[in-house]
Amino acid sequence: MEIQLWRTILCPYELAVEELKIKFEHLIVEHRENDLYSPIEQVSGRVKSVTSILEKMQRKQIPMEKMEEDVEDIAGVRIICQFEEDIDTVANIIRERTDMEIKSEKNYLTHIKQSGYRSFHLIVYYTVQTIHGPKRLQVEIQIRTMAMNFWATVEHSLQYKYKGEMPPHVAERLSRASDAILALDREMSTVRNEIMDAQNSSQMQTNLVKDILNNIENLYRVSSEREVLKIQNEFLRVFKTGDLRQLERFHRQLDIIAEGYRAQAVYQEQYRGHS
Ligand code: 0O2
């Protein structure tokens, strides 16, 4: 196939990867803005290289005309989670979405590969808009923990180095490392609730501080410098206590003050209108 033709074929897959990365990354933002723990930690994506596509077609004896149908991972998105439990949550989020349709699922968490590979795979149909109209294509979504990703990345590099002829002693080491990763994921799961609580509190504090600073900035426009300075000092005092409840109380008080100024401004506006 000519280079130009490859570019034309792969172009919509690039769009699909970019769109899906943005959509999944936005889920992180949405969770954080709502003071919620995000089951997604990180998102990445890639379009398979032409070499890799050709190798797969050769290995699986896929004819050229069946490439887009049978090479299901031309577009790939990888979602990294902190905990094993998050993988299920993310898979459910994907199952509920209306902008993609699930074709198949592979659970390498319950059915660990011979190599020691663990991950949850979904093949979804996803539609992109191109200059030739809508194009429905397939995307492989891999969901795994940070620990699983670490193992898979190292193992993938070694597979590449040994070109499928992994020496038994290296394979043995990788298999043992995979067991250790499994144990690590299980161990981390036992402290998941505590870590989630800590992360929720930290996110809540970040959002509260952002809101408070916004309010103080707005007050600068309508209130006296002395009063704003007083409020700012009070904010610093509350912030230093590190007590989330005090910060929430201060946030509410500030809201009331800001509301008072807004009401005053409306009243003055009306008064001016009548004079
Ligand atoms: P890339 O782009 O280099 O990651 P097959 O490809 O024949 O193994 P199939 O049915 O196409 O199998 O899909 P499967 O088993 O779901 O695996 C597809 C992808 O999962 C692989 O893509 C890898 O990314 C990952 N994967 C599967 N098994 C392993 C493994 O043992 N070790 C590692 N590190 N990754 C694995 P590709 O094709 O390798 O391409």
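Helix 146-162 against the longest principal axis of the chain: what's the angle in degrees, Cα atoms only, rounded to the nearest 10?
30
How high is the FRET efficiency between Val29 and Asp88 when r is their beta carbon distance and R₀ equals 25 Å, given to the nearest 0.05?
My answer for the efficiency is 0.70.
Could you check the simple spin-label distance between Ser157 and Leu244, using points 7 Å along Cα→Cβ, in nm with one decimal?
3.8
Which pairs break 29 Å Cα to Cα here: Lys106/Lys163; Lys23/Lys103; Lys23/Lys240; Lys21/Lys106?
Lys23/Lys240
Calculate I(q)/I(0) for the chain by the Debye formula, one identical point scatterer on each C-alpha and no solvent, and give its log10 at q = 0.13, 0.14, 0.16 Å⁻¹ to two decimals.
The Debye formula, applied to the Cα set alone, gives -0.96, -1.04, -1.22.
Looking at the square roots a ≥ b ≥ c of the eigenvalues of the Cα gyration tensor of region 72-190, which shape do they give, rounded for a/c under 1.5, prolate if a/b is larger than b/c, or oblate?
Verdict is oblate for region 72-190.
Would you mind estimating how fast region 196-273 diffuses translationally, via Stokes-Einstein at 10 °C and 1.306 mPa s with the Kirkwood radius over Cα pairs, in µm²/s?
This corresponds to a translational diffusion coefficient of 117 µm²/s.
Size of the dipole of region 211-253 about the Cα centre, Lys and Arg at +1 and Asp and Glu at -1 on the beta carbon, nothing else charged, in debye to 20?
For region 211-253, the charge dipole is close to 140 debye.
Run the numbers for Phe150 and Glu69: contour at 0.36 nm per residue of separation, minus the present Cα-Cα distance, in nm.
Net length gain for the segment: 26.2 nm.
For a Förster distance of 25 Å, can you work out the FRET efficiency between the beta-carbons of His111 and Glu194, rounded to the nearest 0.05?
It comes out at approximately 0.25.
Express in whole angstrom the spacing between the alpha-carbon centres of region 238-254 and region 145-164.
46
Treating the angle as unsigned and between 0 and 90°, give the value, to the nearest 10°, between the Cα long axis of helix 192-222 and the longest Cα principal axis of the chain.
It works out to around 40 degrees.
Pairing the Cα long axis of helix 3-33 with the longest principal axis of the chain, what angle in degrees results, from 0 to 90 and rounded to the nearest 10?
40
Go ahead and estimate [θ] at 222 nm for the chain from helices alone: -39,500 (n - 2.57) per DSSP H run with n ≥ 4, summed, over the residue count, rounded to 500.
-22000 deg cm²/dmol
Stretched out fully, how many nm does the piece from Val266 to Arg252 gain, at 0.36 nm a residue minus the Cα gap?
Full-extension gain reported as 2.9 nm.
Of all the Cα-Cα pairs you can form in region 16-72, what percent are over 13 Å apart?
Every Cα pair in region 16-72 considered, those over 13 Å come to 68 percent.
Taken together, the values in this text are just the output of simple stated rules run on the coordinates, not laboratory data. The structure displayed is predicted, hence computed values, not measured ones. Note that we place each Cβ from the backbone using ideal geometry, even for glycine, and neighbour counts take in every protein chain shown.
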